[in-house]
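Shown next, in structure tokens, is the structure this report addresses.
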Amino acid sequence: MDSDNTYSNNHMKHPKEFLNAVESPALLMQALPRQVVTANKKACELFGKTLEQIEGHRGGQIFDCIHAFTEAGCGLDINCENCKIKNAVVDTFSTGNSHNNVRTILDIKKHKEIIPHDLEVSTEKTGDFVLITIEKYITKVEQ
């Protein structure tokens, strides 16, 4: 076992402690089913949600992406095929490659209003999980 994997396995014994030490809002995702296992306090604050509203949900549901609540659901809706975030997460799970500063515009539904958000995330394989850090999450201002 290589040292990186040993490190990953050791800190995954206490994922909440590990995540709360991450400076950016962060989510820890499992592969099957592809759902968030836990999040740090900064992510809870960013999304205005409790851990109970985050754990066990798909990424798009946490971000409140409009496509996460269709009949097909997050990651399966036809609009998700080219989702840069989903594709980065899937690639990190399948290849182990990290993706840095993946940027996209995501349509977020809050309070019955759809608002585009400028979003930037990074992914990193850590043990059997993928760590998703949210680098930017701001309302996109139309110009």
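The values are calculated or read from the model by the stated rules, or taken from the named source; none is laboratory data. Because the structure is predicted, anything quoted here is derived from the model rather than measured. Reconstructed Cβ throughout: ideal geometry from the backbone, glycine too, with neighbour counts over all protein chains shown.
For this structure, a couple of remarks:
- Some residue of segment 75-94 being of a type in the set (A, V, I, L, M, F, W, C), at negative phi, touching a strand residue (DSSP E or B) at 6+ places or on another chain (Cβ under 8 Å) and surrounded by fewer than 16 Cβ atoms within 10 Å (Cβ to Cβ): no
- Residue in segment 81-89 that is among the small types (G, A, S) and at pLDDT 95 or above present: yes
- I114 closer than 19 Å to R58 by Cβ, more than 16 Å from the chain's Cα centre (by Cα) and in a strand (DSSP E or B): yes
- Identity of the residue in segment 50-74, assigned to a helix (DSSP H, G or I) and in contact with a strand residue (DSSP E or B) (Cβ under 7 Å, 6 or more places away or on another chain), that ends up nearest to T126 (Cα to Cα): G59
- Looking across segment 81-99, the residues that are within 19 Å of H117 (Cβ to Cβ) and either polar (S, T, N, Q) or not in a loop (DSSP other than H, G, I, E, B) (or both) come down to N82, K84, I85, K86, N87, A88, V89, H99.
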